[in-house]
1. Among the listed residues 166, 176, 202, identify the single one that is at positive phi and either modelled with pLDDT under 95 or touching a helix residue (DSSP H, G or I) at 6+ places or on another chain (Cβ under 7 Å) (or both).
2. Give the residue that is farthest from residue 383 (Cα to Cα), with candidates limited to residues of the stretch 291-301 that are touching a strand residue (DSSP E or B) at 6+ places or on another chain (Cβ under 8 Å) and part of a loop (DSSP other than H, G, I, E, B).
3. Please verify whether the stretch 128-140 includes one or more residues that are surrounded by fewer than 18 Cβ atoms within 10 Å (Cβ to Cβ), within 25 Å of residue 297 (Cα to Cα), out of contact with any helix residue (DSSP H, G or I) (no Cβ under 7 Å at 6 or more places or on another chain) and not assigned by TED's automatic domain parsing to the domain that holds residue 95.
4. Has the stretch 359-380 got any residue that is out of contact with any strand residue (DSSP E or B) (no Cβ under 9 Å at 6 or more places or on another chain), surrounded by fewer than 19 Cβ atoms within 10 Å (Cβ to Cβ) and either closer than 21 Å to residue 403 by Cα or in the same structural domain as residue 151 (by TED's automatic domain parsing) (or both)?
5. Of the residues 331, 304, 326, which single one is under 26 Å from residue 159 (Cβ atoms) and either more than 24 Å from the chain's Cα centre (by Cα) or part of a loop (DSSP other than H, G, I, E, B) (or both)?
6. Taking residue 315 and the conditions (1) farther than 16 Å from residue 211 by Cβ; (2) touching a residue at least 60 places away in the same chain (Cβ under 8 Å); (3) in contact with a helix residue (DSSP H, G or I) (Cβ under 6 Å, 6 or more places away or on another chain), which numbered condition does it fall short on, given that it satisfies the others?
7. Do we find a residue being at pLDDT below 90, touching a helix residue (DSSP H, G or I) at 6+ places or on another chain (Cβ under 7 Å) and either part of a strand (DSSP E or B) or at positive phi (or both) anywhere in the stretch 358-376?
């Protein structure tokens with residue numbers, strides 16, 4: 001039974017529009033009657049196959065007790081599962097329906113085709129020896145190539161893959177030709193996915209899919225092994241054996257040759273499978289990722305605020321934003337309520353092409369405005385910090401040099417410090433201004449004092 005799908009178009013940066021299927025996140029309680037009927041039929045079909053012991057299909061080598069006219073008691077006892085979820089519907093696991101719905105959606109609610117897809121998935125996992133894949137070990141260098149880090153706005157785990165390392169062909173062959181084993185690269189990539197799937201709860205209204213981010217920056221066309229594995233994963237294994245598990249495959253920093261490969265091989269994919277692909281040019285990578293990931297959970301190198309070993313901010317710290325129209329200037333003010341505070345701030349602009357400067361404006365009208373950072377083109381994320389010795393405000397000024405609207409993201413934190421006044425020769429007003437100026441980049445004779453609170457620019 002095939003059901004029509006209501007779809008809407010969403011234009012993302014890539015080779016074509018990305019189609020969003022409205023049933024992607026529909027809770028079980030809100031299924032349409034026709035869909036609920038298909039799920040009921042599918043549950044019955046799966047249960048009969050498990051009890052009848054033909055969920056993996058019939059084989060000429062099947063023993064007599066496994067023939068259809070025999071009552072194979074082990075079929076009742078053996079718990080067949082997928083991704084840690086029992087597949088026998090009569091066990092009453094809510095998660096079972098979540099998994100079965102993935103196969104139904106992937107086959108547009110055709111019960112027969114969904115059942116065949118499930119059978120093929122289980123057979124492939126058995127033939128590929130998936131039971132032991134999580135215990136396999138690989139070279140430590142791969143930890144910076146493929147890893148899981150954070151979640152998207154809906155709580156989906158994020159899996160990153162960086163192909164830049166594979167520019168070194170000798171290293172590539174060392175990593176994936178260990179002990180003469182075959183398919184090392186393929187098994188490693190599948191292992192990475194299985195680890196991320198292990199974080200899913202498969203609960204109604206919960207998290208049951210992942211996002212994979214493939215960073216193609218400086219990636220080589222690669223040896224044949226790399227290209228073959230990429231094709232097999234993207235156009236065969238992922239769509240056929242991991243239906244609806246991958247919410248999005250986001251390609252960033254994509255070179256021209258990757259567009260050509262996608263256009264050729266994507267012809268074998270269904271429209272629903274194609275909807276998982278998001279292909280993005282280098283200058284649009286941050287904009288695309290921020291559609292799915294909150295800035296505090298997106299690494300700095302991809303346009304967010306997340307840093308390793310972060311000590312200044314937590315994910316609970318608020319991130320503010322403003323939109324700046326073309327040709328206009330806007331200022332962000334950070335108030336300093338009392339002397340003795342260190343102010344730390346992050347700022348990034350989606351799309352760059354802006355001018356940026358930092359100043360301290362004292363409340364005392366007789367005091368001069370101090371330039372913390374002179375106006376310059378902003379080409380990377382900024383993290384700055386200043387120790388302030390008098391009331392006033394930090395003023396961050398952004399000028400949009402283009403005709404296009406820009407999105408500015410920022411956050412800040414005021415921290416009260418107790419500082420030994422002897423460090424400043426007991427000269428509060430003059431040295432306070434000098435501290436700001438020296439600390440924020442102007443080098444001078446008192447560097448050894450002012451470097452206590454150096455600014456950090458990224």
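The values are calculated or read from the model by the stated rules, or taken from the named source; none is laboratory data. All values derive from a computational prediction rather than experimental measurement. FYI the Cβ positions are ideal-geometry reconstructions off the backbone, even for glycines, and counts take in every protein chain you see.
1. Numbers: 166 fails: at positive phi; 176 fails: at positive phi.
After applying the criteria, what remains is 202.
2. 293
3. Within the stretch 128-140, one or more residues are surrounded by fewer than 18 Cβ atoms within 10 Å (Cβ to Cβ), within 25 Å of residue 297 (Cα to Cα), out of contact with any helix residue (DSSP H, G or I) (no Cβ under 7 Å at 6 or more places or on another chain) and not assigned by TED's automatic domain parsing to the domain that holds residue 95.
4. Applying the first criterion (out of contact with any strand residue (DSSP E or B) (no Cβ under 9 Å at 6 or more places or on another chain)) to the stretch 359-380 yields 365-366, 379.
Filter once more, so that each one left must be surrounded by fewer than 19 Cβ atoms within 10 Å (Cβ to Cβ): 365-366, 379.
Filter once more, keeping what is either closer than 21 Å to residue 403 by Cα or in the same structural domain as residue 151 (by TED's automatic domain parsing) (or both): 379.
Yes, some residue in the stretch 359-380 is out of contact with any strand residue (DSSP E or B) (no Cβ under 9 Å at 6 or more places or on another chain), surrounded by fewer than 19 Cβ atoms within 10 Å (Cβ to Cβ) and either closer than 21 Å to residue 403 by Cα or in the same structural domain as residue 151 (by TED's automatic domain parsing) (or both).
5. Values: 331 fails: under 26 Å from residue 159 (Cβ atoms); 326 fails: under 26 Å from residue 159 (Cβ atoms).
Going through 331, 304, 326 in turn, just one is under 26 Å from residue 159 (Cβ atoms) and either more than 24 Å from the chain's Cα centre (by Cα) or part of a loop (DSSP other than H, G, I, E, B) (or both): 304.
6. (2)
7. no
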